[in-house]
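The values are calculated or read from the model by the stated rules, or taken from the named source; none is laboratory data. These numbers were taken from a predicted model, which means no experiment stands behind them. Please note: Cβ atoms are built from the backbone with ideal geometry, for glycine as well, and neighbour counts cover all protein chains shown.
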Amino acid sequence: MRMQHGGAGSGRRNRLREPAHDRLFRNTVQKEGCDRKDEGMQITTRVFGEITIDDEKIIHFPSGIIGFPDLQDFALIHDEEKSTDTIHWMQSLQEPAFAMPVIDPLIVRPDYNPEVDDELLKNIGDLQPEELLVMVTVTVPKDIKQMSVNLKGPIVINAAQRLATQVIVEGDEYLVKFPIYDILNANKKKAGE
């Protein structure tokens, strides 16, 4: 998502806006144990089983993610066999049992455009609009109709440097539990699936 700079000087705020690209997706499934090889890192995950994560697709969170500061290395995974093109997974490399479903927020809220202080983004390098990827976490409870996304805590990724951070958006415009079940169904019908 593009960051539209909101002025000069310290304390500058940015808006997160453009659709994400998939430069960091498409890790491959392998049938081997959990060790490191030249082509990538092999891990056994709870969600995907044994997979290989390409080294150039590893995303580092210098401060970890909210609630899990020790989990700092992740990969974005798209499961072509089990899911749609909509929901992806943020797979931890330190804790193979930990994977979060994530989605491009513009799929469920086309006007998603929160302001974020530059200070919150400084640890992920210089952000260029074409290298910015924003995802939000998905919660899928037992009653799937209660599925929601956290628009209040987006994950901001600098795809060029493979650095990321999760931030908290100020104000009350965006919800922690924004319902998406009906939106995803409507989008699916529009696409003719």
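In the range 53-73, how many are without any contact (Cβ under 8 Å) to a residue 40 or more places away in the chain and either among the acidic types (Asp, Glu) or touching a Gly at 6+ places or on another chain (Cβ under 9 Å) (or both)?
Counting residues in the range 53-73 that are without any contact (Cβ under 8 Å) to a residue 40 or more places away in the chain and either among the acidic types (Asp, Glu) or touching a Gly at 6+ places or on another chain (Cβ under 9 Å) (or both) gives 6.
Go through the range 178-193 residue by residue and tally those that are in a loop (DSSP other than H, G, I, E, B) and surrounded by 14 or more Cβ atoms within 10 Å (Cβ to Cβ).
Qualifying residue count for the region: 1.
Go through the residues of the range 133-151 one by one and say whether even a single one is surrounded by 13 or more Cβ atoms within 10 Å (Cβ to Cβ), over 30 Å from GLY192 (Cα atoms) and not polar (S, T, N, Q).
no
Would you confirm whether any residue within the range 100-120 is closer than 15 Å to ILE59 by Cα and touching an Asp or Glu at 6+ places or on another chain (Cβ under 9 Å)?
So far as the range 100-120 goes, no, none of its residues is closer than 15 Å to ILE59 by Cα and touching an Asp or Glu at 6+ places or on another chain (Cβ under 9 Å).
Do the conditions hold for ALA75, that is, is it surrounded by 16 or more Cβ atoms within 10 Å (Cβ to Cβ), of a type in the set (A, V, I, L, M), modelled with pLDDT under 95 and farther than 16 Å from HIS60 by Cβ?
It is false that ALA75 is surrounded by 16 or more Cβ atoms within 10 Å (Cβ to Cβ), of a type in the set (A, V, I, L, M), modelled with pLDDT under 95 and farther than 16 Å from HIS60 by Cβ.
Would you confirm, using the coordinates I've provided, whether ILE168 is among the hydrophobic types (A, V, I, L, M, F, W, C), out of contact with any strand residue (DSSP E or B) (no Cβ under 6 Å at 6 or more places or on another chain) and closer than 15 Å to ILE66 by Cβ?
Considered against the rule, which asks whether it is among the hydrophobic types (A, V, I, L, M, F, W, C), out of contact with any strand residue (DSSP E or B) (no Cβ under 6 Å at 6 or more places or on another chain) and closer than 15 Å to ILE66 by Cβ, ILE168 comes out as yes.
Which members of the range 154-193 meet the condition of being over 15 Å from VAL108 (Cβ atoms) and among the small types (Gly, Ala, Ser)?
ALA159, ALA160, ALA164, GLY171, GLY192
Can you say whether LEU163 is under 14 Å from the mean Cα position of the chain (by Cα), surrounded by fewer than 19 Cβ atoms within 10 Å (Cβ to Cβ) and touching a residue at least 60 places away in the same chain (Cβ under 8 Å), as far as the supplied structure shows?
yes
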